[in-house]
Amino acid sequence: TQLLEQSPQFLSIQEGENLTVYCNSSSVFSSLQWYRQEPGEGPVLLVTVVTGGEVKKLKRLTFQFGDARKDSSLHITAAQPGDTGLYLCAGYSGGGADGLTFGKGTHLIIQP
Amino acid sequence: ETGVTQTPRHLVMGMTNKKSLKCEQHLGHNAMYWYKQSAKKPLELMFVYSLEERVENNSVPSRFSPECPNSSHLFLHLHTLQPEDSALYLCASSQNSGSPDEQFFGPGTRLTVL
């Protein structure tokens, strides 16, 4: 069974601070996705990373895929209250009908 | 109506009741999914349908019964549930199953079993 461990599980910081959340596994994934889920809604895709070492930026969010394609990080610069939500990583290893393996998520609260 | 919709948004049921959750996608996707989201657990994949045919059943108890009458609609029929089945049930769709395609999620049905 492939597992994705996300850390920290909970994070509460002040507006304007920087933060990094992590997604780690002992398994290799051919691609990895990050989703954000807001209260009362389903997860929404933020980014997909495919190549080992790849870095993608989405405004104040920077996503990195590890060289060995076993881990990923999400860095947020100057966090804002609108960044509050549950951040989920999901890995795709190829084969099988289901496709994605999800982590438990990081609950992020940005206080004004 | 666009995206993935789910009804009802909230459901409270007794252990002897029978109810159904409905999901509809307006994206022209070929694959649809049911997930269970509980506190402190990863999203648990329950069922996968590709072109209306079930392709994955991750050892889900028989008290959960899926139905996919066409590529746009997915149901989850519930009967004799247990309190531990209380959770957020999410429906999702993607262009194809078994691929890294983006999954589009509905808002979920918050289920409480008394």
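Can we say B:CYS23 is closer than 26 Å to A:TRP34 by Cα, surrounded by 15 or more Cβ atoms within 10 Å (Cβ to Cβ) and either touching a helix residue (DSSP H, G or I) at 6+ places or on another chain (Cβ under 6 Å) or not aliphatic (A, V, I, L, M) (or both)?
Working: closer than 26 Å to A:TRP34 by Cα: yes; surrounded by 15 or more Cβ atoms within 10 Å (Cβ to Cβ): yes; either touching a helix residue (DSSP H, G or I) at 6+ places or on another chain (Cβ under 6 Å) or not aliphatic (A, V, I, L, M) (or both): yes.
Here the answer is yes, as B:CYS23 does meet what is asked.
State all residues of the range A:71-82 that are of a type outside the set (D, E, K, R), part of a strand (DSSP E or B) and open to solvent by 40 Å² or more (accessible area, probe 1.4 Å); if no residue qualifies, say none.
Pass one, the range A:71-82, residues of a type outside the set (D, E, K, R): A:72-82.
Checking the rest, the ones that are also part of a strand (DSSP E or B) come to A:72-76.
A:HIS75 - this is the single residue of the range A:71-82 that is of a type outside the set (D, E, K, R), part of a strand (DSSP E or B) and open to solvent by 40 Å² or more (accessible area, probe 1.4 Å).
Residues being more than 11 Å from chain A (Cβ to nearest Cβ), open to solvent by 50 Å² or more (accessible area, probe 1.4 Å) and either among the hydrophobic types (A, V, I, L, M, F, W, C) or in a strand (DSSP E or B) (or both): count how many of those fall in the range B:33-74.
Within the range B:33-74, residues that are more than 11 Å from chain A (Cβ to nearest Cβ), open to solvent by 50 Å² or more (accessible area, probe 1.4 Å) and either among the hydrophobic types (A, V, I, L, M, F, W, C) or in a strand (DSSP E or B) (or both) number 4.
Consider B:SER99 carefully, then state whether it is among the small types (Gly, Ala, Ser), outside any strand (DSSP E or B) and within 8 Å of chain A (Cβ to nearest Cβ). Walk me through it before giving the result.
Details: among the small types (Gly, Ala, Ser): yes; outside any strand (DSSP E or B): yes; within 8 Å of chain A (Cβ to nearest Cβ): yes.
Yes.
Within the range B:81-114, work out how many residues are among the β-branched types (Val, Ile, Thr) and either at pLDDT below 95 or open to solvent by less than 40 Å² (accessible area, probe 1.4 Å) (or both).
Narrowing the range B:81-114 to residues among the β-branched types (Val, Ile, Thr): B:109, B:112-113.
After this cut, where a residue has to be either at pLDDT below 95 or open to solvent by less than 40 Å² (accessible area, probe 1.4 Å) (or both) as well, the list is B:109, B:113.
Adding up the residues that qualify gives 2.
Give the number of residues within the range B:6-36 that are of a type in the set (S, T, N, Q) and either touching a Gly at 6+ places or on another chain (Cβ under 6 Å) or at pLDDT below 95 (or both). Please lay out each step first, then the result.
Applying the first criterion (of a type in the set (S, T, N, Q)) to the range B:6-36 yields B:6-7, B:16-17, B:20, B:25, B:30.
Those still in the list that are either touching a Gly at 6+ places or on another chain (Cβ under 6 Å) or at pLDDT below 95 (or both) too: B:6, B:16-17, B:30.
Number of matching residues: 4.
If I ask for residues that are in contact with a Phe, Trp or Tyr (Cβ under 8 Å, 6 or more places away or on another chain), assigned to a loop (DSSP other than H, G, I, E, B), without any contact (Cβ under 8 Å) to a residue 40 or more places away in the chain and surrounded by 12 or more Cβ atoms within 10 Å (Cβ to Cβ), which ones from the range A:52-70 would you list? Explain how you work it out, then say what you get.
Narrowing the range A:52-70 to residues in contact with a Phe, Trp or Tyr (Cβ under 8 Å, 6 or more places away or on another chain): A:52-57, A:63, A:69-70.
Right, trim to assigned to a loop (DSSP other than H, G, I, E, B) and you get A:52-54, A:69-70.
So of that shortlist, the ones also without any contact (Cβ under 8 Å) to a residue 40 or more places away in the chain come out as A:52-54.
Passing the criteria: A:GLY52, A:GLU54.
What number of residues within the range A:26-44 are open to solvent by less than 40 Å² (accessible area, probe 1.4 Å), closer than 15 Å to B:PHE104 by Cβ and over 10 Å from the mean Cα position of the chain (by Cα)?
Here the count works out to 3.
In the range A:23-53, which residues are closer than 16 Å to B:PRO42 by Cα, more than 9 Å from chain B (Cβ to nearest Cβ) and hydroxyl-bearing (Ser, Thr, Tyr)?
Matches in the range A:23-53: A:SER25 only.
The values are calculated or read from the model by the stated rules, or taken from the named source; none is laboratory data. All of these numbers come straight from a predicted model, not from anything done at the bench. We place every Cβ from the backbone using ideal geometry, glycine too, and count neighbours over all the protein chains shown. These accessible areas exclude ligands, DNA and RNA; they are computed on the full protein's heavy atoms, side chains included. Shrake-Rupley method; radii C 1.70, N 1.55, O 1.52, S 1.80 Å.
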